[in-house]
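The values are calculated or read from the model by the stated rules, or taken from the named source; none is laboratory data. All values derive from a computational prediction rather than experimental measurement. Please note: Cβ atoms are built from the backbone with ideal geometry, for glycine as well, and neighbour counts cover all protein chains shown. Side chains included, ligands, DNA and RNA excluded: accessible areas come from the protein's heavy atoms. Shrake-Rupley method; radii C 1.70, N 1.55, O 1.52, S 1.80 Å.
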Amino acid sequence: MHTLLVIDDEKMLTDLLKQYFTNMGYLVYTANDGDTAMALLNKEPDLILLDIMMDDFDGYDFCVKIRPLVNCPILFLTAKITEEDRIKGLQIGGDDYITKPFSLEELSARVEAHLRRETRTKARSSLLVTGNLVLNLSEKKALYDNQEISFSRKQFEIICFLAENEKQVFDKEKIYEAVWGMDGDGDSNTVKEHIRKIRRKLKEITGQDFIETVWGIGYKWNV
C-alpha cells in the first residue's frame, strides 16, 4: 500500500482527495498548515501533493526545505500557470506541476505514473560505477573517491540515465521524457540548465568532463 501526503489549506479539497485516494487503496494523510505537514513527514510518504499558495507558508519554500529530507516525488497543486512558475517548481525539486482545476482521473493517473517510476528506480541495482564516480541509486548519492557530490533529485536522475546508457546520444527532449515522464508538465529546455550545473559540480570535484555535447544532436556520457 502506497502512502500519500496531501498538503493544501483548503480542507474541503484535502478531505475530497483523502476520500478519493483511500477508496483507491492508498493510505492518505492530510495537512492544512505547515506545522502539521512537517510533522507528517515522519509517516515517510511515497508521494507528496503540495499546494503552492498556502495561508501560512509558500509551497516553493516548503519544497526547498523538505527536499533534503525526503526522496519521494513532490507534485505541486496550484492555480499558477505561467511558464516561469512551472520551471521554478521543477528546478527547486518538484517532480510535476498540476494546475487547478484538475480532474481526479488525471491527478490519479499522474500519481500512479510517478509511483511506477519510483518502483522501477528502486528495482535497479543499488550501485552504478562509472570510472572513479560511484552512483548509489538507493540512497541517490554520488561519490568520487569517497567524497560526496551534492546534486538535486533531477540532476542525479539525469546523471543515472546518461551513465546507464553511456554509448548513446540523447537530445534534451528524450532526457526530459526519461526523467520527468511523458506527462511532465514543463519545458525540455530545463534539461540544458540542469546539465550545465551537473558539469560544473563534476568538474570542480573530479576535474573531468563526464557529459559530452554532441553538437546538433544532444548529450552522451563520456567515461
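Structural remarks
- Charge dipole magnitude, Cβ of K and R +1, D and E -1 - the chain, Cα centre, debye nearest 20: 980
- Average Cα contact separation per residue, the chain, under 8 Å, 6 or more apart, as relative contact order %: 13
- Longest site-free stretch - the chain; sites: trypsin sites (Lys or Arg not before Pro), DSSP loop, at most 15 other Cβ within 10 Å: 1-123
- Inter-probe distance in nm under a simple model that places probes 7 Å from Cα toward Cβ, at N222 and M53: 4.6
- Under 22 Å of direct C-alpha separation, and excluding same-chain neighbours fewer than eight residues apart, K43 reaches these lysines: K11, K18, K65, K122, K140.
- Pairwise label distance in nanometres, D15 with V134, each label 7 Å out on the Cα-Cβ vector: 5.2
- If you sort E157, E105, E212 by accessible surface, 1.4 Å probe, largest first, the order is E105, E212, E157.
- Gaussian network model of the chain, Cα within-10 Å springs - most flexible of G59, G34, G131: G131
- DSSP-defined antiparallel bridges as percent of all bridges, the stretch 36-174, nearest 5: 60
- What the chain shows is 50 Å² of accessible area per residue, with the surface traced by a 1.4 Å probe over protein heavy atoms.
- For M24, solvent-accessible area (1.4 Å; no DNA, RNA or ligand), Å²: 80
- Note on surface exposure: H2, H114 rank H2, H114 by accessible area, highest first, 1.4 Å probe.
- Separation of alpha-carbon centers, the stretch 41-111 and the stretch 151-223, rounded to whole Å: 23
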